[in-house]
Amino acid sequence: MPSRRRTLLKVIILGDSGVGKTSLMNQYVNKKFSNQYKATIGADFLTKEVQFEDRLFTLQIWDTAGQERFQSLGVAFYRGADCCVLVYDVNSMKSFENLNNWREEFLIQASPSDPENFPFVLIGNKVDVDGGNSRVVSEKKAKAWCASKGNIPYFETSAKEGTNVEEAFQCIAKNALKSGEEEELYLPDTIDVGTSNQQRSTGCEC
Amino acid sequence: MSMEASELQDLSDDADYAASQQQGSASMMRSDSGKRSSPSEHEDAELIYLKDNVAIHPTQFASERISGRLKLTKQDSVLFLSWIPYKGQTSNAKLSEKDRSLYTITAVPFTEVRSIRRHTPTLGWQYVIVVLSSGLAFPPLYFYNGGVREFLAIVKQHVFLARSSEDPNVFIVNDFQSPLQRTLSSLELPSSLPVASGQSVYPLDGGSSNENQGRTGADIGNRVSSVIQSGLRKQKSHDPTRDLSIHLLEKFSLVTKFARDTTTQLFSENNGFGSVDKRWNNQPVHSYPEKLSNIAEEKHNEIRHSYSENDLLKDEEISNDIDVPADPLEFNKLSLVWGKPRQPPMGHKEFTALLDSEGRVVESKALRERVFYGGIEHQLRREVWPFLLGYYAYDSTYAEREYLRSVKRMEYATLKQQWQSISPEQAKRFTKYRERKGLIDKDVVRTDRAFEYYEGDDNLHVNSMRDILLTYSFYNFDLGYCQGMSDYLSPILFVMEDESESFWCFVALMECLGPNFNRDQNGMHTQLFALSKLVELLDTPLHNYFKQNDCLNYFFCFRWILIQFKREFEYEKTMQLWEVMWTHYLSEHFHLYVCVAVLKRCRSKIMGEQMDFDTLLKFINELSGHIDLDSTVRDAEALCICAGENGAASIPPGTPPSLPLDDGTLYPQEDDVL
């Protein structure tokens, strides 16, 4: 019988304005896409139940405003994050170039206990646009960036068509869980004694 | 508290005496507060720094400014800050000795100072705001003769002072905290304006919040006599902190009693429906008692319980296990709307009657009052909004406005040419332009596209919106474009139906609300801070709840304030709310009272369900589309009147949409050295 106890995993989605943060979140949680999402003001989150190895987790996915000017608010929203998803638009070089900023800003504001090993996941979104003809950031380039940042897992998605979104978020959840479990070592209360069957989970190798 | 007035008169300028008195009075309320000794008593303190003509401005009136002397002293290697008002400053009869002692800062050790924020405008007075680690802050200290830089330099010689990475004007004291803490402290800095310690020393609800005070509340209460709001000055008895609370309690109990009476009436006689109030026209509301009588007269109309239809705001579902502290104003128990009933919107005839033969608004206040209580018929909006926004002067004639429009039309065309003339070749070398344009292009196509006026591909209005925003980002290049601006522009363009006119209305609006979009986000932080002060004043238990649950940053209200509820109401309702707020009729900051009104409506749900920050944010976001406008506006009106001067004093000067205090530096880009 699966354990009833739920654990919250907090995930923050960051990236430039208009790269598709809200769309990714909604595609993953609600399996929906809309052309009419408004620019996110402030922050919001959606939750989704996920199951791993007989344990139920609540994935809390935070969507924030993408304009740089609002970054200073991050401090209120980033704290306690278990994983950070960086999103760029494969059709926008600028959104790719800004990834460093987003990553650094996150580490400063969230100040995780172990910044070196804090789990990030990179998503290159909008691969569907113009049949890929307007793409300006190559997969190779993105992967090189990921490698330089300590092998960040990388996914290419289309939030519009739902391509690869589920896979990306499974990896995100897994990474969040890993980071959460490390913390559990210091919080004996939250160790789950019900987890006995350690099955190998599928998904990304992160 | 029982001290004789004469004694106080004699001794109130004596800082030591004042401190000991405060200590005494506070310890009557909290027995453990006697632990710390008053540092001001030490005579062997070394004088480090002394500055004359440093003043506090309790109100916006020049006559009520209090000048004094700022001192830094050192005692056992701890640096202390004090500010003592001058004795016998006779410029103002209203300013009693007692008032002066109220603002005295008596030897605050720097170990309790979190940060110092400096304002050194090129024009106008320099001032600093000292924020304590408890989050409380002293009112701005104005350096009439300059010298803020010197002051900070001297502080720096004695305590560790680090410039905040977020804001070059903020200096963090004893900067040994974690980066997160550091960021937090600098973020909260705009909260560095006068704080009412009244509630924390003498909580309104009398009970539950006593435990929540923690040591800071009481400790600060001992010394922070100077952070009491200016509204106190008219009180009679001696303990200022007590005064404020008592004063409020009296007010609230009046209201509560009235509300109870009204409710009883409501439930016993249900015949008030449909009767039209005849009095709204001739009774502007100024004072609280007058307002009370107004409400009393109108009680027959008070049967709308709009919120009860709304599941999200229902209180009944809340479990009884959790003891929710009572609302001092008994808002949600009664589900009673207090303000005046909303009137039908103002029509053309009525508006014309407010103009003289040449088209001047005879009495702008009458117009603003009328709009405040009823809004404007849609067709008339394009005539009235430019007045409310400040684009048209109230005393302009038809002819002058016609002329203004034509001049402004040409001016707009010139401004628009500035970016229209940028060739693709030039654009390649103009990153900032490309980025701005990219951001605007992205945002206009996702602004109100479900609304008929903007729907469909290649919508001309969407193009106009883009042109206006791009032109604005050239007109105000320092501020540029920021997300949320398109939300403001959309209804304006829909109402004005003319690109140039919309542009200038938008410009006028941004004169007040530009700080919402400022890079340092200061305008937002100041408003969020003012909101927290208003909640503290109008619902102390709720304030305490937020405090306990780490929600005092009020970020969950960020969207409400940034775009003035644009995303919370449907389109037409947003326009109604905006025109009400733009009248600045009861308060320039009516939007903050609207925030308080909505929060109060949900208070027992928030506290009953023990919402944490995340849950609260989600809950507030999901209120969107579920808030009843009319009853909220009426609640806000009642709260605004109820809060009166104390409310106004809770809102720091320069809080948007008030114009900034110091002009020259509207949108500061960078700052230089210490």
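Tabulated values for the structure
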| quantity | calculated |
| --- | --- |
| Hits in region B:42-91 - residues which are surrounded by 13 or more Cβ atoms within 10 Å (Cβ to Cβ), modelled with pLDDT under 85 and farther than 26 Å from B:G146 by Cα | B:H42 |
| Residue under evaluation B:S165, criteria (1) surrounded by fewer than 18 Cβ atoms within 10 Å (Cβ to Cβ); (2) in contact (Cβ under 8 Å) with a residue 60 or more places away in the chain; (3) of a type outside the set (A, V, I, L, M), criterion not met | (2) |
| Among the residues listed as B:A597, B:A643, the single one being more than 21 Å from B:Q343 (Cα to Cα), outside the structural domain of B:R370 (by TED's automatic domain parsing) and of a type in the set (G, A, S) | B:A643 |
| Answer residue from region B:354-381, given it is more than 21 Å from B:C505 (Cβ to Cβ) and of a type in the set (A, V, I, L, M) and is surrounded by the most Cβ atoms within 10 Å (Cβ to Cβ) among those | B:A366 |
| Search result, residues across region B:444-465 that are away from every other protein chain (no Cβ under 12 Å) and part of a helix (DSSP H, G or I) | B:E452, B:Y453, B:L460, B:H461, B:V462, B:N463, B:S464, B:M465 |
| Among the candidates B:D478, B:D539, residue that is among the acidic types (D, E) and away from chain A (no Cβ under 14 Å) | B:D539 |
| Within region B:417-443, tally of residues that are in contact (Cβ under 8 Å) with a residue 12 or more places away in the chain, more than 10 Å from chain A (Cβ to nearest Cβ) and surrounded by 15 or more Cβ atoms within 10 Å (Cβ to Cβ) | 5 |
| Pick from region B:466-475, criterion closer than 19 Å to A:K38 by Cβ and in contact with a Phe, Trp or Tyr (Cβ under 8 Å, 6 or more places away or on another chain), ranking: nearest to the other protein chains (Cβ to nearest Cβ) | B:L469 |
| Residue within region B:399-417 that is touching a Leu at 6+ places or on another chain (Cβ under 6 Å) and in a helix (DSSP H, G or I) present | no |
| Members of region A:51-61 that are within 19 Å of A:K21 (Cβ to Cβ) and more than 9 Å from chain B (Cβ to nearest Cβ) | A:L59, A:I61 |
| Counted residues, region A:53-79 - those being in a helix (DSSP H, G or I), of a type in the set (S, T, Y) and surrounded by fewer than 24 Cβ atoms within 10 Å (Cβ to Cβ) | 1 |
| Sole residue being more than 14 Å from chain B (Cβ to nearest Cβ) and of a type in the set (K, R), chosen from A:K126, A:K140 | A:K140 |
| Candidate set from region A:19-38 (those that are within 10 Å of chain B (Cβ to nearest Cβ) and modelled with pLDDT of 95 or more); member that is farthest from A:C83 (Cα to Cα) | A:V19 |
| Search result, residues across region A:41-65 that are closer than 19 Å to A:Q109 by Cβ, at pLDDT 95 or above and of a type in the set (S, T, N, Q) | A:Q60 |
| Given (1) at the interface with chain B (Cβ under 9 Å from one of its Cβ atoms); (2) of a type in the set (A, V, I, L, M, F, W, C); (3) not in a strand (DSSP E or B), index of the condition A:F45 fails | (3) |
| 1 or more residues in contact with a strand residue (DSSP E or B) (Cβ under 6 Å, 6 or more places away or on another chain) and of a type outside the set (A, V, I, L, M): qualifying helices (runs of 4 or more DSSP H) within region B:528-608 | B:571-582 |
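Yes/no per residue for (1) free of Cβ contacts under 8 Å to residues at least 40 places away in the same chain; (2) in contact with a Gly (Cβ under 9 Å, 6 or more places away or on another chain); (3) surrounded by fewer than 17 Cβ atoms within 10 Å (Cβ to Cβ):
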{"residue": "A:A81", "(1), (2), (3)": "no, no, no"}
{"residue": "A:V85", "(1), (2), (3)": "no, yes, no"}
{"residue": "A:E97", "(1), (2), (3)": "yes, no, yes"}
{"residue": "A:E139", "(1), (2), (3)": "yes, yes, yes"}
{"residue": "A:C146", "(1), (2), (3)": "yes, no, no"}
{"residue": "A:A159", "(1), (2), (3)": "no, yes, no"}
{"residue": "A:E167", "(1), (2), (3)": "yes, yes, yes"}
{"residue": "A:K174", "(1), (2), (3)": "no, yes, no"}
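So that you can scan it fast, the table gives a plain yes or no per residue for (1) farther than 20 Å from A:R69 by Cβ; (2) in a helix (DSSP H, G or I); (3) outside the structural domain of B:W385 (by TED's automatic domain parsing):
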| site | (1), (2), (3) |
| --- | --- |
| B:D467 | yes, yes, no |
| B:L470 | no, yes, no |
| B:C482 | no, no, no |
| B:Y488 | no, yes, no |
| B:L493 | yes, yes, no |
| B:E501 | yes, yes, no |
| B:C505 | yes, yes, no |
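Conditions (1) in contact with a strand residue (DSSP E or B) (Cβ under 8 Å, 6 or more places away or on another chain); (2) at pLDDT below 95; (3) within 11 Å of chain B (Cβ to nearest Cβ), marked per residue:
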site: A:Q67; (1), (2), (3): no, yes, yes
site: A:Q71; (1), (2), (3): no, yes, yes
site: A:Y78; (1), (2), (3): yes, yes, yes
site: A:C83; (1), (2), (3): yes, no, no
site: A:Y88; (1), (2), (3): yes, no, no
site: A:N91; (1), (2), (3): no, no, no
site: A:E97; (1), (2), (3): no, no, no
site: A:N100; (1), (2), (3): no, no, no
site: A:R103; (1), (2), (3): yes, no, no
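Residue-wise test of (1) more than 17 Å from the chain's Cα centre (by Cα); (2) among the hydrophobic types (A, V, I, L, M, F, W, C).
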position	(1), (2)
B:C557	no, yes
B:E579	yes, no
B:C595	no, yes
B:K600	no, no
B:R603	yes, no
B:D612	yes, no
B:S624	yes, no
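Yes or no, residue by residue, for (1) of a type outside the set (A, V, I, L, M); (2) in contact (Cβ under 8 Å) with a residue 40 or more places away in the chain:
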{"position": "B:F474", "(1), (2)": "yes, yes"}
{"position": "B:E499", "(1), (2)": "yes, yes"}
{"position": "B:Q521", "(1), (2)": "yes, no"}
{"position": "B:L531", "(1), (2)": "no, yes"}
{"position": "B:L534", "(1), (2)": "no, yes"}
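The values are calculated or read from the model by the stated rules, or taken from the named source; none is laboratory data. The structure presented is a predicted model; accordingly, all values stated were derived computationally and were not measured. Note that each Cβ is placed from the backbone with ideal geometry, even for glycine, and that neighbours are counted across all protein chains shown.
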